[in-house]
Amino acid sequence: MTLKTKYRTLLFMAIGSVPIVLLGISVFMSILYDKAFKTKNDGIPFHESFAYPVMLITFVLSLGLLAVLFSTSIHSLLSKITMLNQTIRELASNARIPDTLTVSSEDEIGQLIQSVNLLIERTTYRELELAQQQELQKELLQKLRHDIHTPLTAIRLQLFYLEDQLQEQPKLVESLNAQIHYISNLTNEFQLQSFDTSENAYVVQEEVQLVLLVETMIKKWGYLYRMQNIALHFYHENSQVIWISNELWLQRLFDNVFQNTLKHAQASKLDVTIKDGQVFMSDDGIGFDLDAVHNGLGLKIIQDIARTLSITASLQSNKDGTTFNFTHQ
């Protein structure tokens, strides 16, 4: 029921209920007085008896009760508006992303709550994706700076040993040292823009709570999957599964599977299962020919990252769907 229909109905009910209630009370009080009290009051007419002010008081109380009943609906609407206002303000602030709201009706307010929930989910996805990218860029930048400083240090040592042979060209030595210093300072301001391959990369090994990682990623991808009407399910037997790996690289590995399923699989669901320390990601899409040549980078990136992380990645695909199996070595 729309808000317009709902409150129009309430208005008609309010208009109709007032005279009906007043008439009903007056008739009930007069009949009650005639049957029970008139003979005891020596036949005093109803309008001159004690029953008349009692009836007036009953009128006032009944009108107040009707007002309370009809104002409950307005109070409920105002509470929802206040909740939406507070949620949007929290979403606009930098404090935290609010939880999604419960949709309790199908009217315009319910539709507005659904729209706010979509905004919350999209913001959550963007925030998690941005945080992941920033952490990955920070880590890779630190490694790149280390790799650049290493040959610069070697060049400085070589110049130290060549200074005696270059005494006749001090300006050349000074210029080379200045260029080395410039490159060293430049790496401190360098910002990584993209990272497309994992070959020859250094990976810091750490304990990764696998269930927590996958739950975070499902929360991130849930919005896009709902937009494409793809169900996303997660199953696990043990919430304490730990891999000695790298969290950021694992996220990038699984991100490529989520993205391939979303864009190419034409699936209606994706099941992510952690069982016996292994990760299974299965969809019910159209599948593809494993022997055919594929132009996309998704599968190659998955294979490269798995090899870098010492993870065995197997793939099965047919017309009934595609399944990725990741096993930590």
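The values are calculated or read from the model by the stated rules, or taken from the named source; none is laboratory data. Remember, it's a predicted structure, so these values are computed and weren't measured experimentally. No Cβ is skipped: glycine too gets one built from the backbone with ideal geometry, and neighbour counts run over all protein chains shown.
Please find, within the stretch 248-273, the residue that is farthest from residue 326 (Cα to Cα) out of those that are buried (at least 18 other Cβ atoms within 10 Å of the Cβ) and touching an Asp or Glu at 6+ places or on another chain (Cβ under 7 Å).
Among residues in the stretch 248-273 that are buried (at least 18 other Cβ atoms within 10 Å of the Cβ) and touching an Asp or Glu at 6+ places or on another chain (Cβ under 7 Å), the one farthest from residue 326 (Cα to Cα) is 267.
Search the stretch 90-116 for residues being among the polar types (S, T, N, Q) and over 14 Å from residue 220 (Cα atoms), and hand back the single one that is modelled with the lowest pLDDT.
Among them, the one singled out is 94.
Determine whether the stretch 278-290 contains at least one residue that is over 18 Å from residue 218 (Cβ atoms) and of a type in the set (A, V, I, L, M).
Yes, the conditions are met somewhere in the stretch 278-290.
Which ones in the stretch 98-132 are basic (Lys, Arg) and either in contact (Cβ under 8 Å) with a residue 40 or more places away in the chain or crowded, with 17+ Cβ neighbours inside 10 Å (or both)?
Of everything in the stretch 98-132, just one residue is basic (Lys, Arg) and either in contact (Cβ under 8 Å) with a residue 40 or more places away in the chain or crowded, with 17+ Cβ neighbours inside 10 Å (or both), namely 122.
Report, by residue number, each residue of the stretch 231-273 that is within 16 Å of residue 208 (Cα to Cα) and assigned to a strand (DSSP E or B).
If the condition is that a residue be within 16 Å of residue 208 (Cα to Cα) and assigned to a strand (DSSP E or B), then 236, 242, 243, 244, 245 are the ones that fit.
Considering each of 40, 80 in turn, give the residue that is under 28 Å from residue 220 (Cα atoms) and either not hydrophobic (A, V, I, L, M, F, W, C) or not in a helix (DSSP H, G or I) (or both).
80
Return the residues of the stretch 191-230 that are surrounded by fewer than 13 Cβ atoms within 10 Å (Cβ to Cβ), small (Gly, Ala, Ser) and either touching a strand residue (DSSP E or B) at 6+ places or on another chain (Cβ under 9 Å) or modelled with pLDDT of 80 or more (or both); say none if nothing qualifies.
Result: no residue meets the conditions.
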